Every structure is written in structure tokens, then in C-alpha cells.
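Report on one structure; see the data block that follows.
The values are calculated or read from the model by the stated rules, or taken from the named source; none is laboratory data. Since the structure is predicted, the reported quantities are computational estimates derived from the model, not experimental observations. Virtual Cβ from ideal backbone geometry, glycine too; neighbours counted across all protein chains shown. Please note that ligands, DNA and RNA were not included when accessible areas were found on the heavy atoms of the full protein model with its side chains. Shrake-Rupley method; radii C 1.70, N 1.55, O 1.52, S 1.80 Å.
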Amino acid sequence: MNNTEHKSTFSTELLNWYMVSKRDLPWRRHRDPYMIWISEIMLQQTRVDTVIPYFQRFTERFPTIQALAEAPEEDVLKHWEGLGYYSRARNLQLAARQIMELYDGRMPDDVEAVAGLKGVGPYTTGAIMSIAFNRPVPAVDGNVMRVLSRYFLIEDDIMKQGTRKQMEALVRELFPEGQASHFTQAMMELGALVCTPKSPHCLTCPVMEHCAGRLAGVEETLPVKTKAKPPRPEERLVALVEGRGSRSGRVLVRQRPAKGLLARMWELPHVLAAASAGTAPAGDGAMDRLAGALREEGVGVAPVRHLLNAEHTFSHIHWNLQVFQCEEAPAALPEPGHAAAAAQVAEAAAAYAESGALDAAPPEPVAYRWITAADMDTLAFPNVFLKILRNYFSAQDEQ
DNA sequence: AATGCGGGGCA
DNA sequence: TGCCCAGCATT
């Protein structure tokens, strides 16, 4: 069998398998390019089972591009809470506004236009063009690279930029005439269900017969991939500040800056204790440091006791969190009109004025706030703080 | 080309 | 519990 026949066989067998094996997923129930787009952004770095409930809630709340474009950003972030990589949510809304302004509110059936949308890179461009518009534009993600590297025994490092380009060229040769949509989804489906990262299910694979990786016995060692650096440890001290008097039953939280890690998410106040794990001060030393560091930021707290420890891993940082129950220190609590808060508002407003309207969100001050359990329904928290706060409020309920 | 950016699943 | 998964933006 020559090379062309080999490729044709792969595509035909894979497509036939997909037609009878494909899963019934929410975004496969319609051909609305908006739904395809939302699902593809959510599916970046995220598994299907995790995405499904988010997709349902998100598309129910924002059923159209216009609805998404016109929603408050905080609402969009709240519907992304727990999914991670929160810039995806922000870029999604920016792109929706792009589509409203440039393409009359409809996803353009055009490669260059799609590729120009915020948060849409080479992979998502291919996914939208092929899945939604049935155009033969390659959508090469980790699944596709795994499948192709095994079937065609490609030993290039998939972390290299050039390898993805090579795979895209290969996919262009593999597209069956008029079947781009099914074929793109078929490769993803095979990667997700059969050609899995560890212990692939070769015996049930529709293309096992001519899989070069399996025939050579190296399917387990493909794809070749350089390892990522381990996350650097960070020791942090966290204040769970309980309100007094009129603020009784409330907890002090703050919103993170608009850029960087967990942008615009809410969290418990915390400070860096030490650059590496295991060297953080303990007990009274930690409580003194926490109170001192927060006071420098204009927040007066009095740590009472150590409550619990928690961990949170990002791809590049590992947080070890020591959470301390604190009382408010009346002298220096953040109030509306507080000097530091006012300066932050002014700074955000200035940044907004300098930037184009399309790129910038409305000025949202980085602010402190006293919240109740009910506020948890509207503010978006990273998972680690979500768990701590839910735990805390439910314990308060029992008293 | 290298780095920043979450969270969950599995052995 | 430790390891694996890996798109897009920015610089």
C-alpha cells in the first residue's frame, strides 16, 4: 500500500467509526457556530465531563453572541468560576463584542476573520472553520497530535512550534472530500476515547491495522514531549477576617487586579510568607507577619488562631496556604473613600481612558468588601477560596 | 522561543 | 499522593 492509499484508508476507517461511535454531546446537538465556539474555548485544557455543566449554564444565560457581548463582565466570570484559565472568559466576551461591531453579530465564515478574534488561536480557528462551517482547515490539538504521532510514527517533539505546523500539513492531506466537520471531530473523539495518553485501547481502535506506532510497539512512548518545569512553591498566609458589630457574620474579601494571575477574581486577603515551602514562619511569627503585611496595605487585622491549611496548584506556582482566623482591627479597616482604595480607583480609571474601548473593560476598582454567604452567588472565586468560604459559612450556619 | 495562566483525572 | 494533560497571549 502506497502512502496516498495509506492516508485515504486512515481517513475512511476513522470516519466510519466516528459515525457509529460518536458521543451525544450538548454542542453536537446544533450547528450554531456560536455553540461550537463556546464549547471549543471551554474544551481548551479542560475535559468533556467537566465542560458539560458549564456549557449548559453558560449558553442558557448567554444564548447568543449579542447576549454575551452585552452582559456585565462579572456575570461572565461568575459563569466561568471553577473552570480555570479565566482570561478565556474575558477574551470570549471581547470577541463577542468584536463580532457585534465587525460582523453584524454573526460568526464569520472566513479563516482570517475567525483567527483575528480575541482568544482564538490556530487550533480554535481550525475547530470553528471545520466543525461549524465544514471547511478543510486543520484543528491540531493535543488529541490530534497524539493520534497522528502514533499512527504515522512521528517522533518530533510536540512541544515544538514546527511540529504542529507539520501536523497541520498532514491533516490537510487527510481531509475526506466534503467531510471536514465530521473528520475533525473524529480525530478528537479517537484521541479522547481510544488513543488515550496512557494505555491506549489499540484492540478496539478502528485504525489499528496500519498504525505504525503500534506495529513498531512504541505507541506508549508517543508522542515525544519535553516535560514542563515543576511549579515553584510559594508559602502564603491567609486572613479570614470576621466582621464585628454591624458587620457581624460577614467576612472580608478583596478583588484581584485586572491583569495577571486570577485576574479580577475575588479572594481572601493573603500575603507572601516566604519564597519557598517549609521556610514560612509558624504560629505567632506567622500571625505577626500577616497582620504587619496587611497593615502596610491599609488593612488592619488581628489574627486570633490558625484555622486550617490549604493547597492550590497552578501550572507554574504551587501555593501552600496557612489560613488564620482574624478579628477586625477597627483603626485601619478599608472603607469607601479610604485613601488606598481611592488611589486604586483613580489608577484603573486612567488605564481605561488610555486604552481603546474594545480592548478594555469598564474600570473596576481593586477593592475590599465585607460579604455574606449570599454574596458567594454573585462574586467569582478561585476554587481554593470557594471551598474555604463555603466551609466557613456552612459551619456558621450550624451555630 | 520562552513564559504566564487553572483545575481535574488517574494509577 | 504524585504525575499527566497542553491552547493562547504576551514578551
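Say R0 is 35 Å: what FRET efficiency, to the nearest 0.05, do A:Arg256 and A:Glu112 get from their beta-carbon distance? Please list the in-between numbers first.
Values: r = 35 Å, r/R0 = 0.99.
Result of the calculation: an efficiency of 0.50.
Among the listed pairs A:Lys22/A:Lys160; A:Lys22/A:Lys225; A:Lys198/A:Lys227; A:Lys118/A:Lys259, give every one whose C-alpha distance is greater than 24 Å.
Numbers: A:Lys22/A:Lys160 31 Å; A:Lys22/A:Lys225 28 Å; A:Lys198/A:Lys227 16 Å; A:Lys118/A:Lys259 16 Å.
Pairs exceeding the cut-off: A:Lys22/A:Lys160; A:Lys22/A:Lys225.
For chain A, what does the relative contact order come out to in percent, with C-alpha contacts under 8 Å and a separation of six or more?
Details: 593 pairs, mean separation 59.0, N = 399.
It rounds to 15 percent for chain A.
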Open item on the list: Using only Cα atoms and rounding to the nearest 10 degrees, what angle (0 to 90) does helix A:180-193 make with the longest principal axis of chain A?
Closed with: 70
- [ ] Measure nothing but the geometry: give the 0 to 90° angle between the long axis through the Cα atoms of A:283-296 and the longest principal axis through the Cα atoms of chain A, rounded to 10°.
- [x] 90
- [ ] Write down the percent of antiparallel bridges among all DSSP beta bridges whose residues are both part of chain A, to the nearest 5.
- [x] 65
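Under the 0.36 nm per residue contour assumption, what length would be gained going from the current alpha-carbon distance of A:Ser248 and A:Tyr103 to full extension?
Values: separation 145, 0.36 × 145 = 52.20 nm, distance 5.07 nm.
Between A:Ser248 and A:Tyr103, full extension yields an extra 47.1 nm.
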- [ ] Over chain A, with every protein chain in place, what whole percent of the accessible area is carbon and sulfur at 1.4 Å, could you tell me?
- [x] 52
Open item on the list: Loop-only GluC sites (Glu not before Pro) in the range A:285-323, please: DSSP not H, G, I, E or B, and at most 14 other Cβ atoms within 10 Å.
Closed with: A:Glu297
Open item on the list: Quick check: from the Cα gyration tensor, does chain A come out rounded (a/c under 1.5), prolate or oblate?
Closed with: prolate
Task: Label-to-label distance, nm, for residues given as A:Ala67 and A:Leu308 (7 Å Cα→Cβ offset) - done: 3.5
Open item on the list: I'd like the trypsin sites (Lys or Arg not before Pro) in the range A:163-216 restricted to DSSP loop residues with at most 16 other Cβ atoms within 10 Å, sorted by number.
Closed with: A:Lys198
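If R0 is 22 Å, what FRET efficiency do you get for A:Asp157 and A:Ser8 from their C-beta distance, rounded to 0.05?
Result of the calculation: an efficiency of 0.20.
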Task: Value of [θ]222 nm, deg cm²/dmol, for chain A, DSSP H segments ≥ 4, -39500 (n - 2.57) each, nearest 500 - done: -13000 deg cm²/dmol
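If packing is taken as the mean number of other Cβ atoms within 10 Å per residue, what is the order of A:16-26, A:75-85, A:371-381, highest first? Don't skip to the end; give the middle numbers.
On the way: A:16-26: 13.0, A:75-85: 18.0, A:371-381: 15.4.
Sorting A:16-26, A:75-85, A:371-381 by mean packing, highest first, produces A:75-85, A:371-381, A:16-26.
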